[in-house]
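These notes concern the structure reproduced below.
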Amino acid sequence: MRVLVVEDEVRTAAVLRRGLVEEGYAVDVAGDGIDAVWRATETAYDAVVLDLMLPGIDGFEVCRRLRAGHRWAPVLMLTARVYVDDRIRGLDAGADDYLPKPFSFGELTARLRALVRRGAAHRPVVLRVGAVELDPAGHRAWRDGAPVDLTAKEFALLHLLLCHPDEVLTRTYITEHVWDDAFDATSNIVDQYVRYLRRKIDRVGDPSLIETVRGVGYRLCVPLERAAADCGADVRGADVRRADVRGHRTPPAGNDGR
């Protein structure tokens, strides 16, 4: 496993490098934020150990730039700051874990192993499908760059759909992830909120971004050109993914999916 250690304090960087090498990692060291962004952009690291206080640009900005550049290596953020707000900022900037200084080296390596097991999955800070964007941390949404005012449940529904682009989500699956156990599963509240959401994110004269799959549920459509770019294939790759159904259960007789 190859790890990037970003630490401006030379002695601390040397200790981290020596310890990680002894654990079997290949380790590179960056002493400032600009170098860290360059290295993590040019090299496919399995994880990044990132100090928060750096010369040039700080760890928050390093993490934001990596995620904006579609670099998804797990980031373990280190800092001597003890404020909860700093931890929140770090995680919302795209970090995967947070370890305050001083720390046990054994805990650091255990956290690194856990992060590496998860892999470098695609997990942008701001979710984006076509012309729709959503910032979960800031609780903001946009269509074609214009802000969209959403209620809490509309926001949660759009968040769920954006997390599963081009997948069919059954009403049961949506209910289980947006509403709680007190929800009446026999009601049509999912359909109602899909209609509310369509009114706010669709454009008059254009097909709805949220497609009804008769007898099953709903799917957030991915523009074919985006699907081809993301998977490195032609547009037929999007058609293959359209067969995916999340939480599918056989619908009751007479349910036409409307």
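The values are calculated or read from the model by the stated rules, or taken from the named source; none is laboratory data. Not measured: the values here are computed from a predicted model. So basically every Cβ, Gly included, is an ideal-geometry build from the backbone, and we count neighbours across all protein chains shown.
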Of the residues in the stretch 35-54, those that are assigned to a helix (DSSP H, G or I) and surrounded by fewer than 22 Cβ atoms within 10 Å (Cβ to Cβ) number 5
Check your understanding: For Ala152, are the conditions met, namely being surrounded by 16 or more Cβ atoms within 10 Å (Cβ to Cβ), of a type in the set (A, V, I, L, M, F, W, C) and modelled with pLDDT of 60 or more?
Key -> no
Residue count, the stretch 1-19, condition in contact with a Gly (Cβ under 9 Å, 6 or more places away or on another chain) and part of a helix (DSSP H, G or I), comes to 2
Just one listed residue, out of Ala30, Ala47, Ala13, is small (Gly, Ala, Ser), over 27 Å from the mean Cα position of the chain (by Cα) and under 25 Å from Arg89 (Cα atoms), and it is Ala13
Leu157 meets each of (1) surrounded by fewer than 18 Cβ atoms within 10 Å (Cβ to Cβ); (2) touching a Phe, Trp or Tyr at 6+ places or on another chain (Cβ under 7 Å) with one exception, condition (1)
Checked the stretch 55-96 for anything assigned to a loop (DSSP other than H, G, I, E, B), over 21 Å from Arg111 (Cα atoms) and not aliphatic (A, V, I, L, M); matches are Pro55, Gly56, Asp58, Gly69, His70
Considering only helices (runs of 4 or more DSSP H) wholly within the stretch 100-179, the ones with at least 3 residues that are more than 16 Å from the chain's Cα centre (by Cα) and not assigned by TED's automatic domain parsing to the domain that holds Leu52 are 152-163, 171-178
Picking from Arg111, Arg65, the residue that is at pLDDT 90 or above, of a type in the set (Lys, Arg), within 22 Å of Val126 (Cβ to Cβ) and buried (at least 19 other Cβ atoms within 10 Å of the Cβ) would be Arg65
